[in-house]
Structure formats: C-alpha cells, structure tokens
Amino acid sequence: MKEFLKKRPPKTLPRVKGGHYWDWIQSCKADGRPASSSFGIAGPLTEAVLLGNVAIRTGKRIEWDSETMRVTNLPEANQYIRSPQREF
C-alpha cells in the first residue's frame, strides 16, 4: 500500500472544497463561475449510462437517435424512455 501511495498520479483537476453539491450551488447563486463538473460532459455521459441500462433490460443492442430521443431499431425499448414527471 505504501508503494501505491508513493506513485499516485498527479492531480489533473482542482479538487472541490465543500463537495460536489456545494460547488454546484455556489456556481448557481454565488459567483457565477462554472461548476467543476462540466454539464457538457456529465449530460451525455449520463445519457450513455442510462441507455446501457435500456440495452441490458432488453437484452439487445440498441440504436439511439439523440435528436428524437428514441430507440430506432427496437420500438419496444422506447417504453423505458420517458421524461420524469415532476410536481411543483
């Protein structure tokens, strides 16, 4: 373990003080700076992970049309694609 700690990779991104949620709230209301977690990366990454779950549930390869937000080759997979219903 000590050998591993000696060879740790360099920090490539600044660490967030206060945690992920604090950083997001600060960027929204305090200083207007962008959050450390880029929404341009996090959004597509989340979409890919969720689509992986759809493929696992159907047991088949899916082809995704990001413009229409629909599975094009397996219509029955679209039952798992829906917008969250929020109550305000």
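The values are calculated or read from the model by the stated rules, or taken from the named source; none is laboratory data. Keep in mind the model is a prediction, meaning the values are calculated, not measured. Every residue, glycine as well, gets a Cβ built from its backbone with ideal geometry; the counts of neighbours run over all protein chains shown.
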Residue check, E63 against (1) surrounded by 12 or more Cβ atoms within 10 Å (Cβ to Cβ); (2) modelled with pLDDT of 95 or more, all met but one. Which one?
(1)
If you scan segment 69-88, which residues turn out to be in a loop (DSSP other than H, G, I, E, B) and either surrounded by fewer than 10 Cβ atoms within 10 Å (Cβ to Cβ) or acidic (D, E) (or both)?
R82, S83, P84, Q85, R86, E87, F88
What residue, among those in segment 1-40 that are in a helix (DSSP H, G or I) and of a type in the set (S, T, Y), is modelled with the highest pLDDT?
Y21
Test: T72 is among the hydroxyl-bearing types (S, T, Y), touching a strand residue (DSSP E or B) at 6+ places or on another chain (Cβ under 7 Å) and at pLDDT 80 or above
yes
